[in-house]
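Note sheet for the following structure.
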Amino acid sequence: EHDPGHSAAEPELIEDWFAGERGLFRREWRDPLERAAFCWRVLNQALLAQASRHPDWPVLRHEDVSARPLEHFRELYARYGLPWRPRIERLVGRLTSNANPVEAASGRVQSFRRNSGELLAHGIRRMTPTQRARIYELTREIAEALYPASTFGLQDEGARARPGIALR
């Protein structure tokens with residue numbers, strides 16, 4: 001199993017994308033939540049860097065698509081010249097309906113039939129304030145390009161999203 005906290009095997013990747021953050025890659029991420037935050041940070045840092053070089057790429061946040069799936073899927077289909085059919089609308093509606101459960105069924109890692117509009121709030125409620133603060137601390141430099149601090153449900157919400165990549 002590949003451990004993203006030990007990426008010495010990819011020195012070119014680190015040099016090209018994360019030269020100023022080598023210490024993060026040398027660190028052992030024993031806590032699963034911290035490891036997930038590190039992975040999120042690395043992935044989104046690279047994606048935002050690529051998006052800044054390709055202004056024609058749409059940048060969508062999962063939470064926005066989850067909150068308004070039909071709207072976003074229609075826009076993507078139109079953007080790429082794909083036919084939007086009633087069958088597709090019914091499928092997206094059925095898979096993301098607020099009548100669906102928020103969580104995957106017990107014993108399942110994922111389920112495609114979820115109440116997508118509640119996923120973010122549900123995830124935030126499942127974490128303690130200490131966990132949310134730690135995630136924010138580890139991801140802040142990248143997260144602030146995408147989210148206001150209030151997304152993390154922290155007491156100190158003085159920080160706001162700084163100008164970054166425009167969401168398209």
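The values are calculated or read from the model by the stated rules, or taken from the named source; none is laboratory data. Quantities reported herein were computed from a predicted structural model and do not represent experimental measurements. So basically every Cβ, Gly included, is an ideal-geometry build from the backbone, and we count neighbours across all protein chains shown. Heads up: the accessible areas ignore ligands, DNA and RNA and are worked out on the full protein's heavy atoms, side chains in. Shrake-Rupley method; radii C 1.70, N 1.55, O 1.52, S 1.80 Å.
Between Ala46, Ile14, Ala67, the Cα set farthest toward the positive side of the dipole of segment 11-73 (charges on each charged residue's Cβ, about the Cα centre) is that of Ile14. Compared with the dominant principal axis of the Cα atoms in the chain, helix 69-79 is inclined by about 90°. Kindly state, to the nearest 0.05, the FRET efficiency for Asn115 paired with Ser52, given R0 = 30 Å and r defined as their beta-carbon distance. Working from the Cβ atoms, E equals 0.35. Could you tell me which label, among [x] 159; [y] 84; [z] 117, carries the value of volume of the Cα convex hull per residue in Å³ calculated for this structure? Of the labelled values, this structure produces [x]. I'd like the orientation of helix 32-53 relative to the chain: the angle between its Cα long axis and the longest Cα principal axis, in ° from 0 to 90, rounded to 10. Around 80 degrees separate the two axes. Share of segment 1-130's accessible area from carbon and sulfur, percent, 1.4 Å? C and S fraction of accessible area: 56 percent.
Per residue, the accessible area of segment 93-134 comes to 70 Å² when a 1.4 Å probe rolls over the protein heavy atoms. Take the Cα of Val102, step 7 Å toward its Cβ, do the same at Trp40, and the gap between the two points is 1.6 nm.
Rolling a 1.4 Å probe across all protein chains gives Phe73 an accessible area of roughly 70 Å². Going by alpha carbons, how many degrees (0 to 90, nearest 10) lie between the helix axis of 129-143 and the longest principal axis of the chain? Approximately 90 degrees, to the nearest 10.
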